[in-house]
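The values are calculated or read from the model by the stated rules, or taken from the named source; none is laboratory data. Given the structure is predicted, the values throughout are model-derived calculations rather than measurements. As a convention, Cβ positions derive from the backbone with ideal geometry for all residues, glycine included, and neighbour counts pool all protein chains shown. The accessibility values were calculated without ligands, DNA or RNA, using every heavy atom of the protein model including side chains. Shrake-Rupley method; radii C 1.70, N 1.55, O 1.52, S 1.80 Å.
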Amino acid sequence: MADERPRWREDFPVRWDEDHYMTRRELAKFLTLGSGLLAGVNVLIALIGLTDRTPAPPARRIAGADDVAPGGSLLFRYPTDDDPCILVRDAAGRVDAFSQVCTHLSCAIVHRPGEDVLTCPCHKGSFSPREGLPLAGPPTRRLPRIVIERRGADLVATGIQV
Ligand code: FES
């Protein structure tokens, strides 16, 4: 008599006696513990995010308080020597400073004496020299502001407002 077993059983043997069954209760326990573990990891990540406080960059003298004439500007580096910035003094004597890196594609913005605008020569973007807000061209984000304090006869950079 010929063997009645279908051929697929030889190609895909199923050994029921070796198979491991999982009850609904075990599955529910596994899913509950897995979900609890993920929730715990999320809480841990949130706590790390709350406690990770990057220290403020150190204060750095930029220039003498009278070194920049009204309507003029000054290039400087802050907080490191790899971070170009620009300080602008308006006709009334107000001083504002920003990162010199354009928020569009990172070209260096410039200020022409007497002009009331910061311009980016790469794609004709422009920014307000008072607020660092984009005025024209492709940039859509404001320039990071460098906080400037007058300390005696000096202008000192004390922080960055992104
Ligand atoms: S890089 Fe400044 S406008 Fe494009």
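Numbers for the structure displayed
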quantity	calculated
Label-point gap, in nm, between Ala69 and Ala136 - each point 7 angstrom along Cα→Cβ	2.6 nm
Unpartnered cysteines - no second Cys beta carbon under 4.7 Å - across the chain	Cys85
Sparse-neighbourhood loop sites, trypsin sites (Lys or Arg not before Pro) in the range 32-71 - DSSP loop, at most 11 other Cβ within 10 angstrom	Arg53
Anisotropy class of the range 55-128 from Cα gyration tensor, a/c 1.5 cut	oblate
Kirkwood hydrodynamic radius (C-alpha pairs) into Stokes-Einstein, the chain, 37 °C and 0.692 mPa s, D in µm²/s	157 µm²/s
Cα→Cβ-extended label distance, 7 Å offset, between Gln161 and Asp11, nm	7.2 nm
The chain, relative contact order in percent, only Cα pairs under 8 angstrom and at least six apart counted	18 percent
The range 1-109: chymotrypsin sites (Phe, Trp or Tyr not before Pro) in DSSP loop, at most 15 other beta carbons within 10 Å	Trp16, Tyr21
Net lengthening on full extension, Ser106/Arg94 (0.36 nm per residue, minus Cα-Cα)	1.7 nm
Amide H partners (placed H, <5 Å) of Tyr78, local residues excluded	Asp83, Cys85
The range 12-36 versus the range 96-129: alpha-carbon centroid distance in Å	63 Å
Stretch gain in nm, segment Arg77-Asp154, where the contour uses 0.36 nm per residue and the Cα spacing is subtracted	26.2 nm
Cut-off of 10 Å, at most 10 other beta carbons, DSSP loop: longest stretch of the chain lacking such GluC sites (Glu not before Pro)	19-162
Amide proton proximity set for Cys107, modelled H, under 5 Å, gap of 5+	Cys102
Square roots of 5 times each gyration tensor eigenvalue, C-alpha, the range 1-71, largest first, Å	72, 21, 8
Accessible area (Å², per residue) of the range 1-85, counting only protein heavy atoms and a probe of 1.4 Å	89 Å²
Rounded to 10°, Cα long-axis angle of helix 24-51 versus longest principal axis of the chain	10 degrees
Length-normalised contact order for the range 22-99 - Cα pairs under 8 Å, 6+ apart - percent	17 percent
The range 99-154 shape via C-alpha gyration tensor axes, a/c threshold 1.5	prolate
Accessible surface of the chain [probe 1.4 Å, protein heavy atoms]: carbon and sulfur percent	58 percent
